[in-house]
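**Q** Sharing a structure with you now.
Here, each number is a calculation from the coordinates, and none is a lab measurement. Just so it is clear, the model here is predicted, and its values are computed rather than measured. Glycine also receives a Cβ, built like all others from the backbone with ideal geometry; neighbour counts cover every protein chain displayed.
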């Protein structure tokens, strides 16, 4: 009797484990449209919205997939829903790119060199959409260049991903790859104004005040490895001056304290 009870319990554990695995797998397949996937991501982000963060970036450049010896430090700041700034080297030198709304402003020596249309759908997905009502999220993604009528399931590097904006085999469309398990955006492919495709892969996520932030990014252009980035000194509660992301006020203030 004791033996039969043991075998019964063991059998039940196997059955429950099988059910769990099956439910997990079926959970991966639950999204029948981009809207369903984005809504789940939206709910997750909305539960614990993040205002933004700052960090120091170690930037390592490569040529023909080989270390070029070019290593530099950049200073970066993100403020959701749509602001991102990179200072290349010492901020006092005035070399930076400032992303705001759908535009990029490039500064050299403290002066505006040029500006261009450059949407940032990943910035929106990873935190910016929390500042919008959901009814505005899908139209906004469409404005940012993601074809929200397309959702595909693809495998890459031994894992499964939901791909927003592209069908299997299409690596030219603007697209975001979302981990099927964590629902974190992991990979992004963008058509660049130069006509080339830029690929960014986000790695080594760590928890900061309940928020998962990548601490490494690998960048490819047309499939060639060109840059590796490491994030240091991440501050999830920074004090960013009000005019820091205003192109007309560039150089007036900075979050970095020497």
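**Q** Please find, in a Gaussian network model of the chain (springs between Cα atoms separated by less than 10 Å), the residue of 193, 119, 91 whose mean-square fluctuation is greatest.
**A** Answer for the Gaussian network model of the chain: 193.
**Q** Divide by every residue of the chain the summed helix terms, -39500 (n - 2.57) for each DSSP H run of at least 4, and state the resulting mean residue ellipticity at 222 nm, rounded to the nearest 500 deg cm²/dmol.
**A** -7000 deg cm²/dmol
**Q** Normalising by the residue count of segment 31-249, find the relative contact order in percent from Cα pairs under 8 Å and 6+ residues apart.
**A** For segment 31-249, the relative contact order is 19 percent.
**Q** Among 136, 166, 104, which one shows the biggest mean-square fluctuation in a GNM of the chain, springs joining Cα atoms closer than 10 Å?
**A** Comparing 136, 166, 104 in a Gaussian network model of the chain, the most mobile one is 136.
**Q** Another question, then. Relative to the longest principal Cα axis of the chain, at what angle does helix 2-28 sit, 0 to 90 degrees, rounded to 10?
**A** 40 degrees
**Q** Now, a different point. Specify the residue with the greatest mean-square fluctuation among 158, 128, 52, computed from a Gaussian network of the chain linking alpha-carbon atoms under 10 Å apart.
**A** In this elastic network of the chain, the residue with the biggest mean-square fluctuation among 158, 128, 52 is 158.
**Q** How would 85, 61, 187, 35 line up from fewest to most surrounding beta-carbon atoms within 10 angstrom?
**A** 61, 35, 187, 85
**Q** For 176, 163, 45, 221, which order do you get if you count the other beta carbons within 10 Å of each Cβ and list the fewest first?
**A** 221, 45, 163, 176
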